[in-house]
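Structure first, then comments.
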Amino acid sequence: MADEYMPFDRAFAAEYSLQVDVGEADAPDGVTRVQVDGSGNIEATQVRNEAGEPEPREPVGKGRKTERDAEPSTRVKGTIPAEEAQYLFEQVSLAPWGRRFPQRPGIPDEAIVEVRLRRQRGDAASIKLWLREAEKDPALGPMLKVLRRHLEELSGGRIYL
């Protein structure tokens, strides 16, 4: 979709779904996929390259596992308030959909983010960016913060974006 904007209609929020992929399947940290539907159902999966042994991202504390302790695939499901799902859809609908990837060379080990917004029986759009670009984007940055907060709560820190 080359449009600069994908409309979001709150009255039909239940018809929308959001999918965010961060990383790449063959990278040591793997790929994390988060899916949210209009009812607030959220599912996150992190799949790692079994051969990769990434270093821990944070110091290991009491009872905290390192990245190396993680299973090759980790999945969590839960529910967020429907209003929060609508907020995510509104934010993502304002993404720079017409932007071409890549805008610049990647930084070593920088993750790629792919965001897809779909409406049943209607529009669909996707965009690919470097993670740092997505975090700085006025529409995608707040969306990533909200998803990270929910993933932390749902997975106890086992899944990250």
* Any residue in the stretch 89-102 that is modelled with pLDDT of 90 or more, among the charged types (D, E, K, R) and over 26 Å from residue 15 (Cα atoms)? -> no
* Asked: Which members of the stretch 24-43 meet the condition of being in a strand (DSSP E or B) and either in contact (Cβ under 8 Å) with a residue 24 or more places away in the chain or buried (at least 21 other Cβ atoms within 10 Å of the Cβ) (or both)?
  -> 32, 34, 36, 37, 41, 42, 43
* To do: Mind listing just one residue for me: the one in the stretch 103-150 that is among the small types (Gly, Ala, Ser), surrounded by fewer than 16 Cβ atoms within 10 Å (Cβ to Cβ) and not in a loop (DSSP other than H, G, I, E, B) and, of those, modelled with the highest pLDDT?
  => 141
* To do: Scan the stretch 76-87 and give yes if some residue there is within 29 Å of residue 13 (Cβ to Cβ), modelled with pLDDT of 90 or more and part of a loop (DSSP other than H, G, I, E, B), otherwise no.
  => yes
* Asked: Could you list, in sequence order, the residues of the stretch 130-160 that are over 17 Å from residue 89 (Cβ atoms), touching a helix residue (DSSP H, G or I) at 6+ places or on another chain (Cβ under 7 Å), touching a residue at least 12 places away in the same chain (Cβ under 8 Å) and not hydroxyl-bearing (Ser, Thr, Tyr)?
  -> 159
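The values are calculated or read from the model by the stated rules, or taken from the named source; none is laboratory data. Note that the coordinates shown come from a computational prediction; the quantities given were computed from them, not determined experimentally. Cβ atoms come from the backbone with ideal geometry, glycine included; neighbour counts cover every protein chain shown.
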